[in-house]
Amino acid sequence: MDLFQMRDFDAHEQVVFGYDAASGLRAIIAIHSSALGPAAGGCRMWPYAAVEDAIADALRLSRGMTYKNAMAELPFGGGKAVIIGDVREKTPQRMAAFGRLVDSLAGRYITAEDVGTTTTDMEQVARVTSFVSGLPRDSVYAGGDPGPKTALGVFLGLKAAVRFRLGRSSLEGLSIAVQGLGGVGYPLCRLLASEGASLKVADSRPGAAERVCRELGAQEVPAAFILAQEVDVLAPCALGAVLDARSIPALRARVIAGAANNQLARDADGEALMRAGILYAPDYVINAGGIISVAHEYRGGATAAQVKAEIEKIPGRLTEIFERARREGRPTSAVADEMARERVAQGPHRKVA
Ligand code: NAD
């Protein structure tokens, strides 16, 4: 395997492999770009079938973080860590070994939680390095679990997409399918239900959908059928690459607005969505609420109210992308990528309008 020839390699600045025999840690940290500041992005724990899959994920996710941080106007570059393994194998020792790996990069990479890791894990990491965020906080200051903040940003962004594509200012009576009911999907469902949306939900984890049905009156759909539901909006909140040449022709939603990172399997899938008349809210723009919280926590001094005000800028950014995409007849994903690359090229001293 030649890392530099991999499809997902995109001039990444650094890729670090970490192994700790005592705890069983096998981890990869990818730093895509530090042009706008130290690389920030979460740590995913996942039982990858092959090391190549873990590397590809780290490469893809870290590039996504460069774009996400740039679009959220944060003074951070893009990085991501993956720990290879099942979450049931997680131990404080393994998280501490991961923390030492992060520390060895001397601040070039700042970690936080992602799929498979929690605030408790980040507390373990924080015992050995200061280059970590997403730690428990009281309600006044920025910080804590980023999931609910991501959910808030997705909720506000979803409403902006609905306004743009469906001309509706309320979600009352709209049908919304939510794939994945974890740290983001579950609080998102609560917000959607509070506005009167009718929910169809699926999760591969036993009991997760049942809870949302019981608490919010949602309808459970088998996980294999959630993407193709006849709904107004589809919110992918599980894993990436769910929108591809096989799933797109079967979609029945008019808007896609969800939290999952890297929802498009390939760039060409953005074009396919546009041709199908589906408005796609670029993932790294709509799901930036968590990193906005994590970044403010890391820099220190910001209140939860200030973080909320920053998250409330997400719908405006999306609308700008939607309008430019319509004007230029291009996919929203391509427009967002272009805007993100422009911001990175301008460097950290770009004037924010
Ligand atoms: P999570 O692990 O808490 O939840 C994901 C859920 O999806 C789990 O309940 C899992 O069982 C379910 N799932 C997995 N595969 C599925 C499938 N095929 N069908 C149905 N359900 C499936 O993760 P999370 O923190 O909620 O994050 C969800 C997505 O949002 C991820 O792609 C993540 O990278 C992205 N994201 C999360 C944050 C955050 O703040 N947590 C921020 C930005 C982006």
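The values are calculated or read from the model by the stated rules, or taken from the named source; none is laboratory data. Computed from a predicted structure; not experimentally measured. Note: ideal-geometry Cβ built from the backbone for every residue, glycine included; neighbour counts use all protein chains shown. Surface areas here come from the heavy atoms of the whole protein model, side chains and all, with no ligands, DNA or RNA. Shrake-Rupley method; radii C 1.70, N 1.55, O 1.52, S 1.80 Å.
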Under 5 Å, built H, 5+ apart or other chain: amide partners of ILE256:
LEU234, LEU279, TYR280, ALA281
What list of ³J(HN,Hα) values in whole Hz, one per residue of region 171-183 in order, does the Karplus curve 6.51 cos²θ - 1.76 cosθ + 1.60 (θ = phi - 60°) give from phi, with Gly and Pro shown as x?
8, 3, x, 7, 9, 9, 9, 10, 9, x, 10, x, x
Would you please give the residues with an amide H less than 5 Å from that of GLU113, counting only those at least 5 places away or on a separate chain, with H modeled from the backbone geometry?
CYS43
Go through region 122-227 and name the GluC sites (Glu not before Pro) that are in a DSSP coil and have 12 or fewer other Cβ atoms within 10 Å of their Cβ.
GLU172
Of LYS68/LYS149; LYS200/LYS308; LYS200/LYS313; LYS159/LYS313, those spanning more than 23 Å from alpha-carbon to alpha-carbon:
LYS200/LYS308; LYS200/LYS313
Which value, in Å², gives the accessible area per residue of region 122-245 when a 1.4 Å probe is used on the protein heavy atoms?
43 Å²
What does the net charge come to around GLY85 if you take all other residues with beta carbon closer than 10 Å to its beta carbon, with K and R at +1 and D and E at -1?
+2
Expressed as an acute angle from 0 to 90° and rounded to the nearest 10, what is the orientation of the C-alpha long axis of helix 185-194 relative to the principal long axis of the chain?
30 degrees
Extreme residue, positive dipole direction of the chain, given options PRO249, PRO282, ALA265 (C-beta unit charges)
PRO282
Separation in nanometres of the label points that stand 7 Å from Cα toward Cβ, at ARG252 and GLU328:
3.4 nm
How large is ³J(HN,Hα) for each residue in region 105-118, as worked out from phi by the Karplus curve 6.51 cos²θ - 1.76 cosθ + 1.60 (θ = phi - 60°), to whole Hz, x for Gly and Pro?
8, 6, x, 6, 10, 10, 9, 6, 7, 8, 3, x, 10, 9
Alpha carbon Rg of region 3-126, scaled by the compact-globule rule 2.2 N^0.38 Å
0.97
Could you check how much of the accessible area of the chain is carbon and sulfur, as a whole percent, using a 1.4 Å probe?
50 percent
